[in-house]
Amino acid sequence: MFSYIKRIQTTGTVISTSSSTIQKMLSYIDFEHTKTILELGAGKGAVTQQLTQHLHLEANLYVFELLPEFAKNLKNKYQSYKNVHIIHDSAEKITHYVPNTTIDACVSVLPLSIMNKNVVHTILYTLAEQLSPNGVFIQLQYTRRLENLFKNYFHIAKKDFHFWNIPPAHLYLLRRK
Ligand SMILES: C[S@@+](CC[C@H](N)C(=O)[O-])C[C@H]1O[C@@H](n2cnc3c(N)ncnc32)[C@H](O)[C@@H]1O
């Protein structure tokens with residue numbers, strides 16, 4: 001029971017993001033010109049699966065997942081993909097794993113509102129520093145609580161409310177300030 005509660009605290013939800021919500025998130029990415037993509041908080045890989053279908057041949061996808069069993073499954077599934085890098089570690093360590101380059105797109109379903117505040121600040125600061133001038137950071141949230149925090153680091157280019165998700169989700173398209 002304790003481990004189940006602990007797991008919910010890490011994952012934020014037990015239900016994967018819906019296919020239509022993921023399609024909406026990925027519609028903000030220009031895959032033709034996107035060479036470095038990050039996915040933060042991959043879980044069972046619902047977003048990863050759709051990302052790999054659109055990935056440019058020369059692009060690299062870096063996927064961060066903290067829970068060992070999710071990371072292990074993803075590593076097995078994508079072991080033959082040379083440009084998909086599954087990283088079993090916290091998303092705050094982006095700079096440890098992603099080569100010294102700018103990030104063209106980042107898709108995140110991290111449960112930021114229940115995560116450690118220092119970890120969240122490190123992630124947002126790193127992305128704000130590393131995002132390329134035309135780069136996009138797409139974050140899904142279940143509440144609007146972190147909107148002011150996002151504004152400290154990014155320009156909110158677009159906000160969408162997606163009803164076709166359980167629970168319904170707020171999608172943020174964030175760009176460099
Ligand atoms: C809400 S789930 C999203 C799963 C999947 N991307 C989806 O959309 O269905 C959030 C995921 O983030 C992972 N996570 C939580 N904190 C993390 C961190 N600091 N770094 C990397 N992943 C983390 C959890 O283990 C969980 O799998």
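The values are calculated or read from the model by the stated rules, or taken from the named source; none is laboratory data. In this text, all values refer to a predicted model and were calculated from it rather than measured experimentally. Note: ideal-geometry Cβ built from the backbone for every residue, glycine included; neighbour counts use all protein chains shown.
A compact table of results
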| read-out | value |
| --- | --- |
| Test for ILE103: is it of a type outside the set (Lys, Arg), away from the ligand (no atom under 14 Å from the Cβ) and within 14 Å of the chain's Cα centre (by Cα) | yes |
| Matching residues, segment 131-166, being under 20 Å from ALA42 (Cα atoms) and over 16 Å from the mean Cα position of the chain (by Cα) | THR143, HIS162, TRP164, ASN165, ILE166 |
| Long-range neighbours under 7 Å by Cβ, at least six apart or interchain, first residue farther than 15 Å from LEU61 by Cβ and within 8 Å of the ligand (Cβ to nearest atom) within segment 13-33, second of a type outside the set (Gly, Ala, Ser) and assigned to a helix (DSSP H, G or I) | THR17/VAL47 |
| Residue selected from segment 163-177 under the condition crowded, with 17+ Cβ neighbours inside 10 Å and of a type outside the set (Lys, Arg), by the criterion farthest from THR102 (Cα to Cα) | ASN165 |
| Residue match in segment 117-131 (condition: in a loop (DSSP other than H, G, I, E, B) and touching a Gly at 6+ places or on another chain (Cβ under 9 Å)) | no |
| Among (1) buried (at least 16 other Cβ atoms within 10 Å of the Cβ); (2) more than 10 Å from the ligand (Cβ to nearest atom), the one test that PHE70 misses | (2) |
| Segment 146-173, residues that are in a strand (DSSP E or B) and touching a residue at least 40 places away in the same chain (Cβ under 8 Å) | LYS158, ASP160, HIS162, ALA169, LEU171, LEU173 |
| Whichever residue in segment 99-156 is touching a strand residue (DSSP E or B) at 6+ places or on another chain (Cβ under 8 Å) and of a type in the set (Gly, Ala, Ser) and, among such residues, is nearest to PHE31 (Cα to Cα) | ALA105 |
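Okay, residues lined up against (1) of a type in the set (Phe, Trp, Tyr); (2) touching a residue at least 24 places away in the same chain (Cβ under 8 Å):
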site	(1), (2)
LYS75	no, no
PRO111	no, yes
ASN116	no, no
HIS121	no, no
TYR125	yes, yes
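Yes/no per residue for (1) polar (S, T, N, Q); (2) at pLDDT 95 or above; (3) within 19 Å of LEU127 (Cβ to Cβ):
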{"residue": "LEU26", "(1), (2), (3)": "no, yes, yes"}
{"residue": "THR36", "(1), (2), (3)": "yes, yes, yes"}
{"residue": "ALA42", "(1), (2), (3)": "no, yes, yes"}
{"residue": "GLY45", "(1), (2), (3)": "no, yes, no"}
{"residue": "HIS54", "(1), (2), (3)": "no, yes, no"}
{"residue": "LEU57", "(1), (2), (3)": "no, no, no"}
